[in-house]
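Q: Please find one structure pasted underneath; my questions will follow.
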């Protein structure tokens, strides 16, 4: 694994590059954004994905980004997502990345970052969203109302809190979504409804979107660190592998 860095104002953010053992002239690349609600850092959550897909011929980049307590502004966290992706493209010649074959992948808040990067830059050819925060407002409001514990005041707070997080849903109106795989658990009270809504709207706009539901899986159980007793990590890795396999050339 090789470390590179990108500059975000006065902050220096890390990019972890995982390279295939078999050297090729150019390789497809997957950029991963970890989850954590923009409040906690867990670079290790995608380390096994990076190890696996680099063994399959991808260059994998595990991207760090500023947390809201560091940036003071949630929008700045999103800007870091764009900075990280653009830095990977700048380093394409150095590492042999095929700029026409980039993928963005993220989970939870990182899924929101990945969706924004894909929609606004228009450069990734595929997107993988794992229990993504792409329309959190809808899921949270429905959850509060269903439980009967919410009031108008709480719902307004939820709407304000997540107004930036859910922009990916609205961006579908004006920006093209690449071929997308969404994986979410049916017991995920944070992202299940929003993921399904995002998928439905993507289909209505004519985009290629595949939604895979994991019965009974809760939020975060796709993470290898929390997959004990369930098949969330292993099965999602298998599905993602199938989704990306046509990006690997059989020629040396």
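The values are calculated or read from the model by the stated rules, or taken from the named source; none is laboratory data. Source: prediction; values computed, not measured. So basically every Cβ, Gly included, is an ideal-geometry build from the backbone, and we count neighbours across all protein chains shown.
Q: When residues of region 22-40 are filtered for being modelled with pLDDT under 85 and within 17 Å of residue 126 (Cα to Cα), how many remain?
A: 0
Q: Return a yes/no flag: does region 164-173 have any residue that is surrounded by 16 or more Cβ atoms within 10 Å (Cβ to Cβ), assigned to a loop (DSSP other than H, G, I, E, B) and modelled with pLDDT of 80 or more. Even if it seems obvious, please write down each step before you answer.
A: Looking only at region 164-173, we keep the residues that are surrounded by 16 or more Cβ atoms within 10 Å (Cβ to Cβ), and these are 164-169, 171-172.
Retained after the next criterion (residues that are assigned to a loop (DSSP other than H, G, I, E, B)): 164-166, 172.
Next, from what is left, pick out any that are modelled with pLDDT of 80 or more: 172.
Yes, that holds for at least one residue.
Q: Show the residue pairs that are 6+ apart or on different chains and have beta-carbon atoms under 6 Å apart, the first residue being within region 1-30 and in a loop (DSSP other than H, G, I, E, B), the second being surrounded by fewer than 17 Cβ atoms within 10 Å (Cβ to Cβ).
A: Filtered contacts from region 1-30: 26/96.
Q: Any idea how many residues of region 41-51 are crowded, with 18+ Cβ neighbours inside 10 Å and either within 13 Å of the chain's Cα centre (by Cα) or at pLDDT below 95 (or both)?
A: So the count comes out to 4.
Q: For region 229-246: of the residues being assigned to a helix (DSSP H, G or I) and modelled with pLDDT under 90, which is farthest from residue 100 (Cα to Cα)? Full working, then the answer.
A: Of region 229-246, the ones assigned to a helix (DSSP H, G or I) are 232-246.
In the following step, the residues that additionally are modelled with pLDDT under 90 were identified as 232-234.
Values: 232: 30, 233: 28, 234: 28 Å.
Result: 232.
Q: Then there is this: Could you tell me whether any residue of region 101-114 is surrounded by fewer than 18 Cβ atoms within 10 Å (Cβ to Cβ) and either under 26 Å from residue 175 (Cα atoms) or touching a residue at least 60 places away in the same chain (Cβ under 8 Å) (or both)?
A: Within region 101-114, the first condition is being surrounded by fewer than 18 Cβ atoms within 10 Å (Cβ to Cβ), and the residues that meet it are none.
The answer is no, given that none of the residues of region 101-114 is surrounded by fewer than 18 Cβ atoms within 10 Å (Cβ to Cβ) and either under 26 Å from residue 175 (Cα atoms) or touching a residue at least 60 places away in the same chain (Cβ under 8 Å) (or both).
Q: Please enumerate the residues belonging to region 175-199 that are in a loop (DSSP other than H, G, I, E, B), more than 14 Å from the chain's Cα centre (by Cα) and either surrounded by 24 or more Cβ atoms within 10 Å (Cβ to Cβ) or modelled with pLDDT of 85 or more (or both).
A: 175, 176, 186, 187, 188
Q: Does any residue in region 230-242 that is under 16 Å from residue 127 (Cα atoms) come within less than 7 Å, Cβ to Cβ, of a residue that is part of a helix (DSSP H, G or I) six or more places away or on a different chain, and which pairs are these?
A: What qualifies is 237/49; 237/52.
Q: Can you tell me which residues in region 76-110 are under 16 Å from residue 11 (Cβ atoms) and either in contact with a strand residue (DSSP E or B) (Cβ under 7 Å, 6 or more places away or on another chain) or part of a loop (DSSP other than H, G, I, E, B) (or both)? I'd like the intermediate steps shown before the answer.
A: Initially, region 76-110 is screened for residues under 16 Å from residue 11 (Cβ atoms), giving 76-84, 86-87.
Scanning region 76-110 gives 80, 81, 83, 84, 87.
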